[in-house]
Amino acid sequence: LSINFSQVHSLNQPPFGAERLGLTIQCENPFVPAAIRTACVNNNITSFQMGTSNGAFGPIDVNVKREQERFVLGANGSREVFGTSWSYDAYYAYGVNRISIDVDNITLTPRYNAAIDAIAGPNGTVICRDPIARAAGCVPLNIIGNVTQDPAALAYVMPANGPRQRSKQNQSVAAFNVTGEPLQSWAGPVAIAAGLEWREE
């Protein structure tokens, strides 16, 4: 009989930030500096592309918990059958793995894209362009230059309840094997072996 229990907790942190390349920024975005807006007008363009490392976003936390339970019951021996010695072994095993993964401080791409697409709102405010995103709580995010990020915008693009995964795997295995030498030949004993195995996952 064998019984095993184990539990492992780990925290992984990929590199800081959430690098984004090829972002399209509209020239009318209120966060665009005046010099760039002037360049847009002078060059007859309405948008431009840029990239950013989003270094102020902080680390992504990947919290992983793994739990395992395993039970094994086995037996072996020998028995005389019709004057012949037979050996046998058998076992049954049951195991369970449970995995929990919680990701915190990760950027949700649809929200990020909505937050960086800002326009001028009423009374000198800055709002997200997409009305559906606004209705869902979108807060404009300024990614141009070395600026202090609005905590409300960060909370929108990196919600406290990030992605999570729960999984469970079960496995059952049973086996029986038997060997014996029931016959004799001119070359010596004739051995026979047989076995069965069943597995479910």
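A few notes on this one:
- Local electrostatic count, Pro14, Cβ distance below 15 Å [Lys/Arg +1, Asp/Glu -1]: -3
- Here r is the Cβ-Cβ distance between Leu183 and Leu73 and R0 is 25 Å; the resulting FRET efficiency, rounded to 0.05, is 0.15.
- Centre separation in Å (Cα based) which lies between region 86-148 and region 60-85: 42
- Rounded to the nearest 20, the Cβ-based charge dipole of region 11-99 about its Cα centre (Lys and Arg +1, Asp and Glu -1) stands at 140 debye.
- Fully extending the segment from Ala194 to Asn44 would add 45.7 nm, taking 0.36 nm per residue of separation and subtracting the current Cα-Cα distance.
- Rounded to the nearest 20, the Cβ-based charge dipole of the chain about its Cα centre (Lys and Arg +1, Asp and Glu -1) stands at 500 debye.
- Of the solvent-accessible surface of the chain, computed with a 1.4 Å probe and all protein chains present, 54% belongs to carbon and sulfur.
- Taking the chain as a Gaussian network of alpha-carbon nodes connected by springs under 10 Å, the highest mean-square fluctuation of the residues Thr46, Thr84, Thr24 belongs to Thr84.
- Counting 0.36 nm for each residue step from Phe82 to Val8 and taking away their Cα separation leaves a gain of 21.4 nm.
- Taking the square roots of five times each eigenvalue of the Cα gyration tensor of region 34-127, the equivalent ellipsoid has semi-axes of 72, 15, 11 Å, listed largest first.
- Probe 1.4 Å, accessible area per residue of the chain, Å²: 65
- Kirkwood-based shape ratio for the chain, expressed as Rg/Rh from alpha carbons: 1.42
- Lys/Arg +1, Asp/Glu -1 at C-beta; region 17-122 dipole; positive extreme among Ala115, Cys40, Gly95: Cys40
- Range of Cα positions in region 124-190 per principal axis (Å), largest first: 105, 28, 18
The values are calculated or read from the model by the stated rules, or taken from the named source; none is laboratory data. Note that the structure is predicted; figures quoted are calculated from it, not measured. Here Cβ is always computed from backbone atoms with ideal geometry, including for glycine, and neighbour counts include all displayed protein chains. Just the protein is used for accessible areas: all its heavy atoms, side chains included, with ligands, DNA and RNA removed. Shrake-Rupley method; radii C 1.70, N 1.55, O 1.52, S 1.80 Å.
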